[in-house]
Each structure stands twice: as structure tokens, then as C-alpha cells.
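Each remark here refers to the structure printed beneath this line.
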Amino acid sequence: MFASAAVPLSRVDVRAASHTDARAPGAAPKAPKTAVGAAARADHALAPVPPPAPAPVPTHAGTPLKGAEVTETERIPFARRYYALQHGGIVRAANAAISCRAVAGDTVSACATARAGGDAANQDFDMFYSDVDDDPNTYNSTAAELRVPRGARVSYARLYWGGNLLVGEQKPARDNGRVLIAEQGGSYREILADTVIGHRTSGGADAYQASAEVTDFVRDSGSGTYTVAQINVAMGRSAVGAWGGWTLVVAYQKYDAPLRHLAVWDGFETLDAGSAELRLDFGDMRMPKGATGGLGVVAYDGDRGVTGDALMVETGRAGDARGKVVPHTVLSNNANNPYDAMNSSVSDASSEPMERNPAYVNTLGYDSDVFDLRGALISGGDRLSVRFNTGRDGVWLGVFFVEADAQS
């Protein structure tokens with residue numbers, strides 16, 4: 001997501017770990033064998049006592065699920081889906097699946113103003129599917145550009161999708177785990193969820209998020225415009241509003257790119273006035289002073305203009321006293337106000353946002369945002385944590401992804 005000086009591959013070892021690893025991430029390495037004898041015992045007595053091993057990082061471990069094995073649950077605690085320490089980065093494509101209903105050519109109505117970026121929320125409108133393809137068999141479809149750098153190899157790719165099933169209509173949950181996707185110039189193929197689906201009824205909404213690994217498909221297809229269709233989402237109007245969308249998160253390896261920590265975490269948590277904070281510790285991630293990086297977030301039903309929600313990053317160092325107050329950085333970008341962080345936007349930390357169709361500024365309930373971490377990493381650190389607070393605005397959180405320099 002960010003460009004910086006290349007690091008020769010010969011200077012470091014490349015290591016990767018994903019949700020299929022057998023060894024628990026963060027496990028302490030085996031201690032080296034020492035010589036037997038008085039001298040060795042004396043050296044051992046003078047050696048510093050090593051710090052305790054860090055707490056293990058929660059992971060979504062196990063093999064992918066298939067068909068009837070895929071179940072639903074109301075809450076999924078956030079855990080690590082993928083991690084790698086390698087030369088490379090993370091890119092993504094994303095779009096909303098539904099918007100307000102407007103007449104073609106309209107530029108002055110409340111709907112047109114909202115689409116252009118005005119403060120408005122999905123409950124203010126009669127919501128209708130966006131459908132940009134020419135396939136009569138699909139009722140919603142939207143597209144976005146994925147930019148994998150030239151010469152890079154896709155290491156991991158995962159597609160996330162979700163929405164609200166209860167608005168002016170009640171959509172059945174049986175289609176939550178199924179979508180269609182097509183690469184640029186290609187035909188649709190069916191994608192089925194391969195892990196537990198988060199699905200919860202709360203506050204008048206019937207919301208869910210599903211996901212599936214699509215590494216081979218994206219590796220073969222490469223950069224270009226991806227279209228996702230048939231996301232299970234309800235249309236109409238209600239006090240809660242309609243929302244839905246998709247995000248394709250892609251980690252890549254590129255030998256002349258900086259050495260970086262790459263991580264994808266997912267879950268399904270609801271925040272509102274009664275449960276107003278989520279804390280997430282990404283675990284051990286040693287970052288030098290002046291490191292660059294980016295943090296991505298996928299969330300549902302964040303309303304533009306309803307303030308009180310903020311996304312903060314904290315860094316710490318090994319040996320920090322327990323309970324020590326750690327400075328935090330409140331994140332924002334050109335599209336996301338620091339205290340209206342989830343504001344129905346698909347935003348990028350770079351100055352060149354992805355191409356989308358449709359490219360509404362206010363997505364009316366879907367966030368897929370990337371924030372620049374340079375300000376948070378000025379002093380470096382050994383750990384990276386995220387804190388999300390909300391006040392008046394109810395938000396459903398689904399994904400966090402991060403890239404951060406591991407070497408200066």
C-alpha cells in the first residue's frame with residue numbers, strides 16, 4: 001500500500017505463517033543446548049533471565065470447511081487468519097452492494113447528494129441493489145480494481161462479504177455463504193464460504209459476514225477489475241437501514257519490496273452504546289523507528305455524519321511495565337474524519353484511490369478503509385494494538401488487515 005526503499009533479499013530470511021500452520025504462532029523458540037561443566041554452569045549463572053514467552057496469538061486454525069460443515073454463530077471473536085514476514089505488502093479491492101434509489105441523470109435529489117459524499121444514512125432512503133454487469137441472472141453486482149504490483153506473486157487472498165437481511169424485506173439466510181466473482185474479462189464462478197459465518201440479529205438488523213480463501217483464483221487472474229455479484233442483502237427502507245458489500249484482501253510477495261509484517265484478522269463483533277469498545281492486539285511485530293505501514297478495516301452500518309466513533313493504534317516495547325499507559329494515535333485520512341472513522345466510505349491511504357463501479361463516495365453503510373500508520377510508527381515498537389470506540393453510532397466490525405515495516 002506504500003512505496004519505500006527496497007531491501008535486498010540476501011540481508012534477511014523470509015518466513016511465512018498462515019491459518020494452516022501446525023505450530024502455534026508466537027511460540028517461543030527452543031533453547032540451544034549448552035556444554036556440560038563448571039565453566040558452562042558459571043556462564044549460565046551470569047546470563048540474564050529471559051523474559052517470559054508472550055501470550056499466544058488467537059488464530060482461526062484448522063482446515064477449510066465445505067458445504068454442510070459451514071455453520072453460523074452470533075459472535076466470532078477476532079483472531080488471526082493469516083500472517084507472513086516477507087518482502088511484499090497488502091492490496092485490496094472493495095465495493096458496496098446496495099445504494100439509495102435514484103432516477104438516471106439525477107444530480108440534485110437527496111440520494112444524489114448522499115452518493116456524492118453528503119452526510120446521510122441508509123435509513124433515510126429506499127435502498128435498491130447496484131447492478132453493473134449485463135447478466136440478466138444477477139440482481140446485484142459491483143466492481144472494483146485490484147492493483148497487484150508488477151513482478152509480485154500473490155501469497156494469500158480472501159474474499160469477505162456481508163450485509164443486512166432484514167429491511168423492507170426479509171432475505172433467507174440460506175444464501176449467506178454463497179457469492180459469484182469474476183475477474184476482468186472472465187465469467188462468474190461460485191464462491192462458497194469455507195469458515196464459520198457470523199450471523200446475528202440485533203437492534204432491528206439481521207446481519208452477517210461470510211468469507212472464503214481465493215488465493216489460487218487471484219494468483220491466476222492477477223491485477224484488474226473484479227466483479228462480485230449475488231451478495232445476500234435486503235433492499236427497501238426501515239429504521240435500521242440496508243447495507244452490504246465485499247472486500248477482497250490480497251497479500252503479495254515481491255523481492256525488491258521492503259521486509260514487512262503482513263497480517264489479516266477477522267471476526268464478527270457488534271459495537272454500540274451498550275458495548276462501545278473493541279481492543280485487538282496483533283501480537284509480536286517488531287517495527288523500527290520511522291517505519292511505514294497501513295491498517296485496513298472492514299465494517300458495516302457506520303453512518304456518515306454520526307460522530308463519536310474513533311480508530312486508534314498503540315505501539316509498545318518488550319519490557320514495558322504491565323499497566324503502563326501507552327500513547328495512542330487516532331487514525332484518519334482524507335475520507336475518514338478522526339471521530340467519524342466508520343463513515344460509509346471505501347478509502348485509501350494513497351493519493352490514487354482504486355477504480356470502482358459504481359464509485360459512490362458515501363456507500364450508505366459499508367466501510368472498507370485503509371489508514372496510513374506512519375504517524376503511529378514514528379517511535380517504532382515491538383507490538384501493535386488497535387482500539388475502536390463508538391458512542392452513538394452502531395457498527396458491525398468484520399476485518400482488520402495490516403502491513404508494517406520490519407526493517408529500516
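The values are calculated or read from the model by the stated rules, or taken from the named source; none is laboratory data. Note that the coordinates shown come from a computational prediction; the quantities given were computed from them, not determined experimentally. Neighbour counts are summed over all protein chains in view; Cβ atoms, including those assigned to glycine, are modelled from backbone coordinates with ideal geometry. For the accessible areas, the whole protein counts, side chains as well, though only heavy atoms, and no ligand, DNA or RNA atoms are used. Shrake-Rupley method; radii C 1.70, N 1.55, O 1.52, S 1.80 Å.
Sub-6 Å Cβ pairs linking a first residue in the range 108-120 that is under 16 Å from residue 366 (Cβ atoms) to a second residue that is open to solvent by less than 20 Å² (accessible area, probe 1.4 Å) and part of a helix (DSSP H, G or I), at least 6 apart or interchain, are 120/114, ordered by first then second residue.
Residues in the range 91-132 that are open to solvent by 10 Å² or more (accessible area, probe 1.4 Å), part of a helix (DSSP H, G or I) and under 30 Å from residue 372 (Cβ atoms): 113, 115. For the range 276-307, what are the residues that are of a type in the set (Val, Ile, Thr) and either assigned to a strand (DSSP E or B) or more than 22 Å from residue 249 (Cβ to Cβ) (or both)? Listed by number, the residues that qualify are 297, 298, 306, 307.
None of 240, 249 is in a loop (DSSP other than H, G, I, E, B) and either on the phi > 0 side of the Ramachandran plot or aliphatic (A, V, I, L, M) (or both) except 240. The listed residues are 206, 220, 135, 216, and the only one of them that is open to solvent by 10 Å² or more (accessible area, probe 1.4 Å), part of a loop (DSSP other than H, G, I, E, B) and of a type outside the set (A, V, I, L, M, F, W, C) turns out to be 135. Here is the figure for the range 348-400: residues that are without any contact (Cβ under 8 Å) to a residue 40 or more places away in the chain and in contact with a Pro (Cβ under 9 Å, 6 or more places away or on another chain) total 1. For the range 317-360, a residue qualifies if it is at pLDDT below 95 and of a type in the set (Val, Ile, Thr), and the qualifying residues are 325, 326, 329, 330.
Pairs meeting the criteria (first residue in the range 309-324 and over 16 Å from residue 377 (Cβ atoms), second residue open to solvent by less than 10 Å² (accessible area, probe 1.4 Å) and at pLDDT below 55, beta carbons under 8 Å, at least 6 apart or on different chains) are lacking.
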